[in-house]
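In what follows, a structure is listed as C-alpha coordinates, so that the remarks can point back to it.
The values are calculated or read from the model by the stated rules, or taken from the named source; none is laboratory data. None of these values were measured; they are calculated from a predicted model. Positions of Cβ are backbone-derived with ideal geometry, glycine not excepted, and every protein chain shown enters the neighbour counts. For accessibility, only protein heavy atoms count, side chains too; no ligands or nucleic acids. Shrake-Rupley method; radii C 1.70, N 1.55, O 1.52, S 1.80 Å.
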Amino acid sequence: MSIKISSDFKKIYQMLLPLLIIILIPVLAIKFLLPKVSQIFQHQRQLKIDETEVIKLETKADFLEKQKENNVKADFEKVLIVLPNEKDVAGLLIALENLRKTAAMKIGNFGLRPGLVATDSGELKSQTEEELQFSLPITSSYQNLVQFLETIEKTAPLTSVERIGIDFQAGKEEVKANLFLKTHYFPLNQEPLIIENPLPEFSPEEKESLDKVLSFQVFSYQSSLLEDKIGKENPFQPLVTPLLQE
Amino acid sequence: MEKKINSKNFLSKSINLLPEEKEVEFWQKLIKVLKRIAFFIFFAFLLATLLIFSYSWRLSSYDTSLEKRVAQAKMKINSLREEEETYRALVQKIRAAGEILNSQGTIIQFLIEVDSLMPSGVLPLSLEIDQTGQIRVTLPSLSLEQIETLNQNLKKGISEGKIAKAKIGGISKTEEGQYKIDVDFQLKR
(Lines give C-alpha, C1' and ligand atoms only; values in the text may rest on other atoms or scores of the structure.)
Protein backbone atom coordinates (compact mmCIF):
# COMPACT_ATOMS: atom_id res chain seq x y z
CA MET A 1 0.00 0.00 0.00
CA SER A 2 2.75 2.39 1.01
CA ILE A 3 4.63 1.47 -2.19
CA LYS A 4 1.53 2.38 -4.20
CA ILE A 5 1.25 5.80 -2.44
CA SER A 6 4.92 6.56 -2.89
CA SER A 7 4.76 5.67 -6.58
CA ASP A 8 1.68 7.94 -7.05
CA PHE A 9 3.44 10.75 -5.23
CA LYS A 10 6.44 10.26 -7.46
CA LYS A 11 4.21 10.50 -10.51
CA ILE A 12 2.62 13.72 -9.24
CA TYR A 13 6.00 15.10 -8.32
CA GLN A 14 7.28 14.40 -11.81
CA MET A 15 4.26 16.13 -13.32
CA LEU A 16 4.33 19.12 -11.00
CA LEU A 17 7.16 21.08 -12.62
CA PRO A 18 5.95 20.70 -16.22
CA LEU A 19 2.43 21.59 -15.12
CA LEU A 20 3.67 24.62 -13.24
CA ILE A 21 5.60 25.73 -16.29
CA ILE A 22 2.62 25.13 -18.58
CA ILE A 23 0.30 27.16 -16.34
CA LEU A 24 2.62 29.87 -15.03
CA ILE A 25 4.50 30.80 -18.19
CA PRO A 26 1.42 31.76 -20.22
CA VAL A 27 0.23 33.74 -17.20
CA LEU A 28 3.60 35.46 -17.03
CA ALA A 29 3.53 36.06 -20.78
CA ILE A 30 0.09 37.66 -20.54
CA LYS A 31 1.04 39.66 -17.48
CA PHE A 32 4.45 40.96 -18.60
CA LEU A 33 5.17 40.28 -22.25
CA LEU A 34 1.86 41.39 -23.74
CA PRO A 35 2.02 44.91 -22.21
CA LYS A 36 5.62 45.09 -23.40
CA VAL A 37 4.55 44.12 -26.94
CA SER A 38 1.80 46.74 -26.99
CA GLN A 39 4.36 49.23 -25.64
CA ILE A 40 6.66 48.30 -28.53
CA PHE A 41 3.90 48.89 -31.06
CA GLN A 42 3.15 52.26 -29.51
CA HIS A 43 6.85 53.13 -29.49
CA GLN A 44 7.10 52.06 -33.13
CA ARG A 45 4.20 54.35 -34.07
CA GLN A 46 5.77 57.23 -32.16
CA LEU A 47 9.11 56.58 -33.84
CA LYS A 48 7.51 56.75 -37.26
CA ILE A 49 6.05 60.17 -36.36
CA ASP A 50 9.42 61.27 -34.96
CA GLU A 51 11.17 59.99 -38.06
CA THR A 52 8.91 62.10 -40.29
CA GLU A 53 9.56 65.07 -38.04
CA VAL A 54 13.32 64.52 -38.20
CA ILE A 55 13.22 64.23 -41.99
CA LYS A 56 11.22 67.46 -42.16
CA LEU A 57 13.70 69.28 -39.90
CA GLU A 58 16.71 67.90 -41.76
CA THR A 59 15.19 68.85 -45.12
CA LYS A 60 14.50 72.33 -43.79
CA ALA A 61 18.06 72.66 -42.45
CA ASP A 62 19.53 71.44 -45.76
CA PHE A 63 17.29 73.79 -47.72
CA LEU A 64 18.37 76.75 -45.58
CA GLU A 65 22.00 75.72 -46.00
CA LYS A 66 21.47 75.72 -49.76
CA GLN A 67 19.83 79.14 -49.54
CA LYS A 68 22.91 80.38 -47.72
CA GLU A 69 25.13 78.96 -50.47
CA ASN A 70 22.92 80.51 -53.15
CA ASN A 71 23.19 83.83 -51.35
CA VAL A 72 19.50 84.38 -50.64
CA LYS A 73 20.40 87.63 -48.87
CA ALA A 74 21.78 89.16 -52.08
CA ASP A 75 18.62 88.16 -53.94
CA PHE A 76 16.48 89.62 -51.17
CA GLU A 77 18.40 92.89 -51.24
CA LYS A 78 17.55 93.26 -54.92
CA VAL A 79 13.94 92.20 -54.33
CA LEU A 80 13.75 94.82 -51.58
CA ILE A 81 14.73 97.53 -54.07
CA VAL A 82 12.13 96.32 -56.58
CA LEU A 83 9.44 95.67 -53.98
CA PRO A 84 10.21 98.11 -51.16
CA ASN A 85 8.67 97.86 -47.72
CA GLU A 86 7.52 101.44 -47.72
CA LYS A 87 7.27 104.43 -50.02
CA ASP A 88 10.70 105.04 -51.45
CA VAL A 89 10.15 108.43 -53.05
CA ALA A 90 13.86 109.08 -53.56
CA GLY A 91 14.29 105.69 -55.26
CA LEU A 92 11.39 106.44 -57.58
CA LEU A 93 12.77 109.86 -58.51
CA ILE A 94 16.21 108.36 -59.23
CA ALA A 95 14.62 105.73 -61.46
CA LEU A 96 12.58 108.34 -63.35
CA GLU A 97 15.59 110.59 -63.76
CA ASN A 98 17.68 107.74 -65.17
CA LEU A 99 14.87 106.61 -67.45
CA ARG A 100 14.52 110.11 -68.79
CA LYS A 101 18.21 110.13 -69.67
CA THR A 102 18.18 106.76 -71.41
CA ALA A 103 14.82 106.94 -73.18
CA ALA A 104 15.52 110.06 -75.26
CA MET A 105 12.23 111.79 -74.57
CA LYS A 106 10.92 114.87 -72.93
CA ILE A 107 9.39 114.30 -69.52
CA GLY A 108 7.36 117.20 -68.27
CA ASN A 109 6.50 118.15 -64.72
CA PHE A 110 5.14 115.10 -63.11
CA GLY A 111 2.49 115.09 -60.44
CA LEU A 112 3.66 113.13 -57.44
CA ARG A 113 1.95 113.25 -54.07
CA PRO A 114 3.77 110.80 -51.83
CA GLY A 115 1.43 111.35 -48.86
CA LEU A 116 2.06 109.17 -45.85
CA VAL A 117 5.56 107.74 -46.14
CA ALA A 118 6.09 106.26 -42.71
CA THR A 119 4.24 105.61 -39.50
CA ASP A 120 5.20 105.19 -35.87
CA SER A 121 4.37 101.52 -35.91
CA GLY A 122 6.01 100.98 -39.27
CA GLU A 123 2.71 99.63 -40.55
CA LEU A 124 0.76 101.03 -43.43
CA LYS A 125 -2.81 99.96 -43.00
CA SER A 126 -4.82 100.95 -46.03
CA GLN A 127 -4.36 99.88 -49.64
CA THR A 128 -3.82 103.48 -50.81
CA GLU A 129 -0.89 103.78 -48.44
CA GLU A 130 0.76 100.84 -50.19
CA GLU A 131 0.59 102.59 -53.55
CA LEU A 132 1.99 105.77 -54.92
CA GLN A 133 0.10 107.15 -57.88
CA PHE A 134 1.59 109.73 -60.16
CA SER A 135 1.18 111.12 -63.64
CA LEU A 136 3.95 111.63 -66.13
CA PRO A 137 3.57 113.86 -69.21
CA ILE A 138 5.80 112.70 -72.04
CA THR A 139 6.61 113.95 -75.51
CA SER A 140 8.30 111.44 -77.76
CA SER A 141 7.88 109.29 -80.83
CA TYR A 142 5.27 106.52 -80.58
CA GLN A 143 7.99 103.85 -80.78
CA ASN A 144 9.96 105.45 -77.96
CA LEU A 145 6.80 105.69 -75.88
CA VAL A 146 6.13 101.96 -76.25
CA GLN A 147 9.76 101.24 -75.39
CA PHE A 148 9.52 103.52 -72.36
CA LEU A 149 6.41 101.66 -71.18
CA GLU A 150 8.30 98.37 -71.47
CA THR A 151 11.29 99.78 -69.62
CA ILE A 152 9.36 101.39 -66.79
CA GLU A 153 7.63 98.10 -66.07
CA LYS A 154 11.03 96.42 -65.74
CA THR A 155 12.61 99.08 -63.57
CA ALA A 156 12.75 99.18 -59.79
CA PRO A 157 10.59 100.04 -57.87
CA LEU A 158 7.75 97.94 -59.31
CA THR A 159 5.53 100.30 -61.29
CA SER A 160 2.42 99.49 -63.23
CA VAL A 161 0.86 101.58 -65.98
CA GLU A 162 -2.71 102.28 -64.95
CA ARG A 163 -3.87 104.50 -67.77
CA ILE A 164 -2.47 106.28 -70.81
CA GLY A 165 -3.83 109.18 -72.78
CA ILE A 166 -2.07 109.73 -76.10
CA ASP A 167 -2.56 112.75 -78.34
CA PHE A 168 -1.31 112.30 -81.88
CA GLN A 169 -0.30 115.37 -83.82
CA ALA A 170 -1.11 115.48 -87.52
CA GLY A 171 2.00 115.50 -89.67
CA LYS A 172 4.31 115.06 -86.72
CA GLU A 173 6.04 111.93 -85.54
CA GLU A 174 5.94 113.06 -81.94
CA VAL A 175 3.05 112.18 -79.68
CA LYS A 176 2.09 113.74 -76.40
CA ALA A 177 1.20 111.20 -73.79
CA ASN A 178 0.07 111.40 -70.25
CA LEU A 179 0.93 108.30 -68.24
CA PHE A 180 -0.86 107.47 -65.03
CA LEU A 181 1.43 105.21 -63.10
CA LYS A 182 1.26 103.39 -59.83
CA THR A 183 4.24 102.31 -57.75
CA HIS A 184 3.59 99.56 -55.26
CA TYR A 185 4.95 98.91 -51.79
CA PHE A 186 4.85 95.72 -49.86
CA PRO A 187 5.13 96.04 -46.08
CA LEU A 188 6.39 92.84 -44.46
CA ASN A 189 4.38 91.01 -41.85
CA GLN A 190 6.79 89.92 -39.18
CA GLU A 191 5.92 86.44 -37.99
CA PRO A 192 7.64 84.73 -35.07
CA LEU A 193 10.00 82.02 -36.27
CA ILE A 194 9.17 78.56 -35.01
CA ILE A 195 11.76 75.88 -35.78
CA GLU A 196 9.15 73.19 -36.43
CA ASN A 197 7.17 75.32 -38.89
CA PRO A 198 7.79 74.21 -42.47
CA LEU A 199 9.17 76.66 -44.99
CA PRO A 200 6.85 78.00 -47.69
CA GLU A 201 7.66 76.78 -51.18
CA PHE A 202 7.69 78.71 -54.42
CA SER A 203 5.20 77.49 -57.01
CA PRO A 204 6.49 77.44 -60.62
CA GLU A 205 4.59 80.70 -61.28
CA GLU A 206 6.09 82.31 -58.19
CA LYS A 207 9.55 81.12 -59.24
CA GLU A 208 8.95 82.81 -62.58
CA SER A 209 7.87 86.00 -60.78
CA LEU A 210 11.05 85.89 -58.67
CA ASP A 211 13.21 85.54 -61.79
CA LYS A 212 11.31 88.45 -63.32
CA VAL A 213 11.93 90.62 -60.24
CA LEU A 214 15.62 89.67 -60.19
CA SER A 215 15.95 90.76 -63.82
CA PHE A 216 14.63 94.27 -63.04
CA GLN A 217 16.78 97.25 -63.84
CA VAL A 218 17.99 98.98 -60.71
CA PHE A 219 19.37 102.50 -60.69
CA SER A 220 21.53 103.44 -57.77
CA TYR A 221 21.55 106.81 -56.09
CA GLN A 222 25.29 107.16 -56.76
CA SER A 223 24.97 106.48 -60.50
CA SER A 224 22.38 109.20 -60.94
CA LEU A 225 24.48 111.68 -58.98
CA LEU A 226 27.83 110.94 -60.57
CA GLU A 227 26.57 111.30 -64.10
CA ASP A 228 24.92 114.61 -63.45
CA LYS A 229 26.92 117.81 -63.70
CA ILE A 230 24.69 120.39 -62.14
CA GLY A 231 25.74 123.89 -61.13
CA LYS A 232 29.02 125.69 -61.62
CA GLU A 233 32.22 123.94 -62.50
CA ASN A 234 34.62 123.31 -59.66
CA PRO A 235 37.40 125.85 -60.18
CA PHE A 236 39.79 123.74 -58.11
CA GLN A 237 39.15 120.55 -60.09
CA PRO A 238 42.36 120.80 -62.19
CA LEU A 239 44.33 121.16 -58.98
CA VAL A 240 42.54 118.42 -57.05
CA THR A 241 42.53 115.71 -59.76
CA PRO A 242 46.33 115.12 -59.86
CA LEU A 243 46.40 114.97 -56.06
CA LEU A 244 43.61 112.38 -56.04
CA GLN A 245 45.39 110.32 -58.66
CA GLU A 246 48.57 110.22 -56.53
CA MET B 1 -7.62 -29.96 -10.36
CA GLU B 2 -4.68 -28.35 -8.66
CA LYS B 3 -3.08 -27.82 -12.00
CA LYS B 4 -6.25 -26.27 -13.21
CA ILE B 5 -6.32 -23.95 -10.26
CA ASN B 6 -2.68 -23.02 -10.82
CA SER B 7 -3.30 -22.24 -14.39
CA LYS B 8 -6.31 -20.16 -13.38
CA ASN B 9 -4.20 -18.29 -10.82
CA PHE B 10 -1.57 -17.54 -13.42
CA LEU B 11 -4.19 -16.29 -15.79
CA SER B 12 -5.72 -14.03 -13.20
CA LYS B 13 -2.28 -12.82 -12.27
CA SER B 14 -1.43 -12.00 -15.86
CA ILE B 15 -4.77 -10.18 -16.30
CA ASN B 16 -4.05 -8.03 -13.21
CA LEU B 17 -0.51 -7.23 -14.34
CA LEU B 18 -1.38 -5.97 -17.77
CA PRO B 19 -3.38 -2.78 -16.77
CA GLU B 20 -0.75 -1.87 -14.15
CA GLU B 21 1.97 -1.91 -16.77
CA LYS B 22 -0.21 0.05 -19.11
CA GLU B 23 -0.92 2.55 -16.36
CA VAL B 24 2.75 3.00 -15.76
CA GLU B 25 3.36 3.33 -19.41
CA PHE B 26 0.49 5.84 -19.69
CA TRP B 27 1.82 7.94 -16.83
CA GLN B 28 5.29 7.82 -18.23
CA LYS B 29 4.02 8.95 -21.60
CA LEU B 30 1.92 11.70 -20.03
CA ILE B 31 4.86 12.98 -18.02
CA LYS B 32 7.03 12.84 -21.10
CA VAL B 33 4.48 14.82 -23.17
CA LEU B 34 3.97 17.31 -20.36
CA LYS B 35 7.71 17.73 -20.01
CA ARG B 36 8.01 18.35 -23.74
CA ILE B 37 5.16 20.87 -23.73
CA ALA B 38 6.66 22.58 -20.68
CA PHE B 39 10.05 22.66 -22.32
CA PHE B 40 8.58 24.03 -25.51
CA ILE B 41 6.59 26.69 -23.62
CA PHE B 42 9.57 27.60 -21.49
CA PHE B 43 11.83 27.81 -24.52
CA ALA B 44 9.28 29.85 -26.49
CA PHE B 45 8.82 32.19 -23.52
CA LEU B 46 12.56 32.59 -23.20
CA LEU B 47 12.97 33.25 -26.89
CA ALA B 48 10.03 35.68 -26.98
CA THR B 49 11.37 37.53 -23.94
CA LEU B 50 14.78 37.73 -25.52
CA LEU B 51 13.38 38.93 -28.81
CA ILE B 52 11.02 41.46 -27.24
CA PHE B 53 13.67 42.94 -25.01
CA SER B 54 16.32 43.07 -27.72
CA TYR B 55 13.84 44.71 -30.13
CA SER B 56 12.77 47.13 -27.43
CA TRP B 57 16.42 47.96 -26.79
CA ARG B 58 16.98 48.49 -30.51
CA LEU B 59 13.95 50.79 -30.66
CA SER B 60 15.12 52.85 -27.73
CA SER B 61 18.63 53.15 -29.17
CA TYR B 62 17.06 54.27 -32.48
CA ASP B 63 14.94 56.70 -30.49
CA THR B 64 18.10 58.12 -28.95
CA SER B 65 19.71 58.49 -32.36
CA LEU B 66 16.56 60.23 -33.64
CA GLU B 67 16.67 62.60 -30.68
CA LYS B 68 20.30 63.36 -31.54
CA ARG B 69 19.35 64.02 -35.17
CA VAL B 70 16.49 66.31 -34.06
CA ALA B 71 18.85 68.24 -31.80
CA GLN B 72 21.42 68.56 -34.59
CA ALA B 73 18.83 69.68 -37.15
CA LYS B 74 17.36 72.20 -34.71
CA MET B 75 20.81 73.55 -33.97
CA LYS B 76 21.52 73.89 -37.69
CA ILE B 77 18.17 75.64 -38.30
CA ASN B 78 18.88 77.96 -35.37
CA SER B 79 22.23 78.89 -36.83
CA LEU B 80 20.51 79.63 -40.17
CA ARG B 81 17.83 81.82 -38.58
CA GLU B 82 18.80 84.85 -40.60
CA GLU B 83 18.53 82.88 -43.86
CA GLU B 84 15.10 81.60 -42.80
CA GLU B 85 13.87 85.11 -42.07
CA THR B 86 15.21 86.33 -45.42
CA TYR B 87 13.72 83.41 -47.33
CA ARG B 88 10.29 83.83 -45.70
CA ALA B 89 10.33 87.56 -46.42
CA LEU B 90 11.31 86.82 -50.03
CA VAL B 91 8.38 84.43 -50.47
CA GLN B 92 6.02 86.92 -48.83
CA LYS B 93 7.15 89.73 -51.15
CA ILE B 94 6.88 87.64 -54.31
CA ARG B 95 3.44 86.33 -53.34
CA ALA B 96 2.21 89.86 -52.58
CA ALA B 97 3.52 91.18 -55.91
CA GLY B 98 2.45 88.16 -57.97
CA GLU B 99 -0.74 89.63 -59.36
CA ILE B 100 0.87 92.94 -60.32
CA LEU B 101 3.83 91.17 -61.94
CA ASN B 102 1.46 88.98 -63.95
CA SER B 103 -0.52 91.98 -65.20
CA GLN B 104 2.60 93.70 -66.51
CA GLY B 105 2.69 94.31 -70.21
CA THR B 106 -1.09 94.38 -70.62
CA ILE B 107 -1.18 98.04 -71.67
CA ILE B 108 1.42 97.39 -74.37
CA GLN B 109 -0.60 94.36 -75.47
CA PHE B 110 -3.70 96.59 -75.66
CA LEU B 111 -1.80 99.13 -77.76
CA ILE B 112 -0.87 96.39 -80.24
CA GLU B 113 -4.50 95.16 -80.30
CA VAL B 114 -5.82 98.67 -80.95
CA ASP B 115 -3.30 99.11 -83.75
CA SER B 116 -4.50 95.91 -85.41
CA LEU B 117 -8.14 97.03 -85.17
CA MET B 118 -7.64 100.37 -86.85
CA PRO B 119 -8.09 100.64 -90.64
CA SER B 120 -4.71 100.87 -92.35
CA GLY B 121 -3.24 104.32 -92.78
CA VAL B 122 -5.45 105.88 -90.14
CA LEU B 123 -3.76 107.88 -87.42
CA PRO B 124 -5.92 108.54 -84.38
CA LEU B 125 -6.27 111.96 -82.89
CA SER B 126 -6.28 110.70 -79.35
CA LEU B 127 -6.18 107.39 -77.60
CA GLU B 128 -6.98 106.50 -74.00
CA ILE B 129 -6.29 103.09 -72.54
CA ASP B 130 -6.57 101.80 -69.02
CA GLN B 131 -5.53 98.58 -67.30
CA THR B 132 -9.03 97.10 -67.48
CA GLY B 133 -8.96 97.28 -71.28
CA GLN B 134 -11.32 100.22 -71.60
CA ILE B 135 -10.32 102.09 -74.76
CA ARG B 136 -11.43 105.36 -76.26
CA VAL B 137 -10.10 106.37 -79.67
CA THR B 138 -10.87 109.53 -81.57
CA LEU B 139 -10.24 109.18 -85.26
CA PRO B 140 -10.06 112.60 -86.92
CA SER B 141 -10.73 111.90 -90.59
CA LEU B 142 -12.17 108.69 -91.92
CA SER B 143 -13.74 108.00 -95.25
CA LEU B 144 -16.96 105.97 -95.41
CA GLU B 145 -14.94 103.01 -96.61
CA GLN B 146 -12.62 103.25 -93.62
CA ILE B 147 -15.60 103.51 -91.26
CA GLU B 148 -16.92 100.29 -92.78
CA THR B 149 -13.50 98.61 -92.34
CA LEU B 150 -13.39 99.77 -88.71
CA ASN B 151 -16.90 98.44 -88.17
CA GLN B 152 -15.94 95.09 -89.69
CA ASN B 153 -12.75 94.94 -87.61
CA LEU B 154 -14.67 95.58 -84.40
CA LYS B 155 -17.27 92.92 -85.27
CA LYS B 156 -14.47 90.48 -86.08
CA GLY B 157 -12.79 91.32 -82.75
CA ILE B 158 -16.03 90.55 -80.91
CA SER B 159 -16.57 87.27 -82.74
CA GLU B 160 -12.95 86.26 -82.03
CA GLY B 161 -13.43 87.05 -78.32
CA LYS B 162 -10.87 89.85 -78.25
CA ILE B 163 -13.41 92.59 -77.60
CA ALA B 164 -16.14 92.45 -74.97
CA LYS B 165 -18.17 95.34 -76.34
CA ALA B 166 -17.70 98.14 -78.83
CA LYS B 167 -19.52 101.42 -79.23
CA ILE B 168 -19.19 104.00 -81.94
CA GLY B 169 -19.96 107.34 -80.35
CA GLY B 170 -20.39 110.66 -82.08
CA ILE B 171 -19.73 111.01 -85.76
CA SER B 172 -19.23 114.46 -87.22
CA LYS B 173 -18.38 115.55 -90.73
CA THR B 174 -15.26 117.64 -91.18
CA GLU B 175 -14.68 120.48 -93.63
CA GLU B 176 -12.69 118.13 -95.86
CA GLY B 177 -15.70 115.89 -96.25
CA GLN B 178 -14.26 113.23 -93.97
CA TYR B 179 -15.77 111.89 -90.76
CA LYS B 180 -14.51 112.43 -87.22
CA ILE B 181 -15.50 109.51 -85.09
CA ASP B 182 -15.26 108.45 -81.42
CA VAL B 183 -14.98 104.74 -80.70
CA ASP B 184 -15.25 103.14 -77.27
CA PHE B 185 -14.53 99.51 -76.77
CA GLN B 186 -13.60 97.08 -74.08
CA LEU B 187 -10.72 94.72 -74.79
CA LYS B 188 -10.55 91.42 -72.97
CA ARG B 189 -7.42 90.75 -70.89
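The figures follow:
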{"read-out": "Matching option when the condition is modelled with pLDDT of 90 or more and out of contact with any helix residue (DSSP H, G or I) (no Cβ under 6 Å at 6 or more places or on another chain), among A:Gly171, A:Gly165", "value": "A:Gly165"}
{"read-out": "Count - residues of the range A:163-209 that are part of a strand (DSSP E or B), among the polar types (S, T, N, Q) and under 14 Å from B:Ser126 (Cβ atoms)", "value": "1"}
{"read-out": "Qualifying residue in the range A:220-235 (condition: acidic (Asp, Glu) and either at pLDDT 90 or above or within 19 Å of the chain's Cα centre (by Cα) (or both))", "value": "no"}
{"read-out": "For A:Leu80: the one exception among (1) exposed (fewer than 15 other Cβ atoms within 10 Å of the Cβ); (2) modelled with pLDDT of 85 or more; (3) closer than 25 Å to A:Leu214 by Cβ", "value": "(1)"}
{"read-out": "Count - residues of the range B:79-106 that are at the interface with chain A (Cβ under 7 Å from one of its Cβ atoms) and among the polar types (S, T, N, Q)", "value": "4"}
{"read-out": "Count - residues of the range B:116-174 that are under 27 Å from A:Lys172 (Cα atoms) and loosely packed, with under 12 Cβ neighbours inside 10 Å", "value": "10"}
{"read-out": "Candidate set: the range A:175-193, residues that are open to solvent by 80 Å² or more (accessible area, probe 1.4 Å) and modelled with pLDDT under 90; chosen: the one nearest to A:Asn109 (Cα to Cα)", "value": "A:Asn189"}
{"read-out": "Selection from the range B:111-161 of residues that are among the hydroxyl-bearing types (Ser, Thr, Tyr) and over 50 Å from the mean Cα position of the chain (by Cα)", "value": "B:Ser120, B:Ser126, B:Thr138, B:Ser141, B:Ser143, B:Thr149"}
{"read-out": "So B:Gly133, is it in contact (Cβ under 8 Å) with a residue 12 or more places away in the chain and within 28 Å of A:Leu145 (Cα to Cα)", "value": "yes"}
